[in-house]
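See structure below.
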Amino acid sequence: MCPLVLAFLTKAATQRKFHVIVAERAPKYDGHPVAKALCTAGIETTLIQDSAVFPIMSRVNKVIKGHRWHRDGASLASPPKFYSVPLYVCTPTYKFSLMGCEEISHQTTTSIIPEGTKFWPSVNTALTQLDYVPPENVTSLITNNRGTAPSYVYRQLSELYRPTSCDL
């Protein structure tokens, strides 16, 4: 969870009471310090295994994530589309990217599988920390300026960058 989402939830907890479910995010277990920070802020928090995200999604009423936003109105996140749970993405406008998702270099699997590890020839490995989410799966984009629809990103990008900087 990005610091922006943590700040967003901490601020919201001063006005409302709610329960946050945090996935542990193996193999690095980034969810553990997030759950601790939320508990320290007085927010009721449950830490779950990554494999429990899908089964518990039917009891969730919204998902809030923080990620980079791209010119085509897409985010890098995992959508809870199967249960029709609204997905909100918190991102500051400085993280808006002129690059499309296809232009980003992704991590290699060597960050979790040591280089030189022998597999059978038919085994393919993939690092699934980041998934492409089409803009139609995102309910709303929450920025430092305002909440907006994903389809409106092109307009905000044209306000942030000079026309010579981008080809929109």
Next on the checklist: Within region 123-136, does at least one residue satisfy the condition of being part of a helix (DSSP H, G or I), buried (at least 16 other Cβ atoms within 10 Å of the Cβ) and modelled with pLDDT of 80 or more?
Outcome noted: no
Checklist entry - at pLDDT below 70, within 23 Å of residue 65 (Cβ to Cβ) and touching a Pro at 6+ places or on another chain (Cβ under 8 Å) - does that describe any residue in region 147-158? => result no
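Please specify each residue of region 11-45 satisfying the condition of being of a type in the set (Val, Ile, Thr) and in contact with a helix residue (DSSP H, G or I) (Cβ under 8 Å, 6 or more places away or on another chain). Let's see the steps before the verdict.
Step one: of region 11-45, the residues of a type in the set (Val, Ile, Thr) are 14, 20-22, 34, 40, 43, 45.
Passing the criteria: 20, 21, 22, 34, 43, 45.
The values are calculated or read from the model by the stated rules, or taken from the named source; none is laboratory data. As the structure is a computational prediction, the values presented were derived from the model and not from experiment. Don't worry about glycine lacking a Cβ; one is built from the backbone with ideal geometry, like all the others, and counts go over all protein chains shown.
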